[in-house]
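The values are calculated or read from the model by the stated rules, or taken from the named source; none is laboratory data. Values in this document were obtained by computation on a predicted structure and should not be read as measured data. Neighbour counts run over all protein chains shown; Cβ positions are idealised from the backbone, glycine included. Just so you know, the surface numbers come from the protein's heavy atoms only, side chains and all, with ligands and any DNA or RNA stripped out. Shrake-Rupley method; radii C 1.70, N 1.55, O 1.52, S 1.80 Å.
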Amino acid sequence: MRELREHNECLLYNILPVHVAQHFLDRSKHDEDLYSQSYDEVGVMFASITGFDEYFEEKEIKHEGVECLRLLNEIIASFDELFEEPYFHHVEKIKTIGSCYMAASGLAPDKQKSMDEWNHLSELVLFALAMQETLKEIIRNSTQRFQLRVGIAHGPVVAGVIGATKPQYDIWGSTVNLASRMDSTGVSGRIQVPEATRRILTDWGFILELRGEIFVKGVSEHQGKVRTYFIRTVRGKMANDGTDGRLAGQTGGRMTLAEVVFSLVQARHKEKMREGNRRFNRTPSRLQR
């Protein structure tokens, strides 16, 4: 019975964020109230793998769709592995929608109280950059030239769990819709944010370039065109005050964002290689006994 309970708890933690899973584990057996939580300061990200849908359609015609799903699974699984990095402990995966990856930052109530204002939003941007570098590594020796198109926005959301037999944690609100539009109206290989998000990221050391004013469905009908920006580089504040000194590198206080995350992704790759070598080296030692 104990093993079954531990197994079920493990499954629950895999399906839901830690603080939400804990809520369900701690509550009374007879408590069937809907779980919901409102937040004022959350970062939301949508990241689409551009070119993948067209690639799938081509392969499907040749009855090679399974091969595409294997590649997509490898990409998504590699994105998921980034959560093992301590840099991203304020970031939470929400779901995948086809070849689009959705994540958010600042959702855990205790983290909202302890975090340094919008620090989690900068972590979300770094997570998006790590995703871009991860995708580059995966397709480095491939004929495919997929890129990640990212949209990020911030603001209030409502989070909740829908469903009983297959519970789904999700977030809703105008912030989610705006982040989705920042992705869908964006440019491959770039991270697009609205004006309000740009102001916060500038304070956190990011340098952004003006894209211009664009029509955003669901917003522009009432408020006019939205001024948006592309994230470009990061200044010394991020390097000096970031979550880990390794992000600073030897850049003299200024670096490209690709440089910021490249060492992170490479460090993960080297650690995997070392772990593989350790497993390989342990086998001969046992044979010699």
- Query: Taking region 150-175, which residues are under 23 Å from Trp118 (Cα atoms) and open to solvent by 40 Å² or more (accessible area, probe 1.4 Å)?
  - Reply: His154, Pro156, Val158, Trp172, Ser174
- Note on the structure: In the set Val91, Val20, the lone residue that is closer than 30 Å to Met182 by Cα, at pLDDT 90 or above and buried (at least 16 other Cβ atoms within 10 Å of the Cβ) is Val91
- Query: Counting residues that are among the aromatic types (Phe, Trp, Tyr), which strands (runs of 3 or more DSSP E) fully inside region 84-176 reach at least 1?
  - Reply: 100-105, 168-172
- Task: Would you check if there is a residue in region 175-197 being within 17 Å of Ser105 (Cβ to Cβ) and at pLDDT below 95?
- Result: no
- Residues that are at pLDDT below 95 and of a type outside the set (A, V, I, L, M, F, W, C), drawn from region 200-217: Thr202, Asp203, Gly205, Lys217
- Query: Looking only at region 67-88, which residues are more than 13 Å from the chain's Cα centre (by Cα), at pLDDT 90 or above and open to solvent by less than 40 Å² (accessible area, probe 1.4 Å)?
  - Reply: Leu71, Leu72
- Message: It is to be established whether one or more residues within region 113-136 are touching a His at 6+ places or on another chain (Cβ under 9 Å), closer than 20 Å to Thr197 by Cα, surrounded by 19 or more Cβ atoms within 10 Å (Cβ to Cβ) and at pLDDT below 90.
- Response: yes
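Table: residues versus (1) surrounded by fewer than 20 Cβ atoms within 10 Å (Cβ to Cβ); (2) in a loop (DSSP other than H, G, I, E, B).
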position: Met182; (1), (2): no, no
position: Gly186; (1), (2): no, yes
position: Val193; (1), (2): no, no
position: Thr197; (1), (2): no, no
position: Thr202; (1), (2): yes, no
position: Leu210; (1), (2): yes, no
position: Glu213; (1), (2): yes, no
position: Val216; (1), (2): no, yes
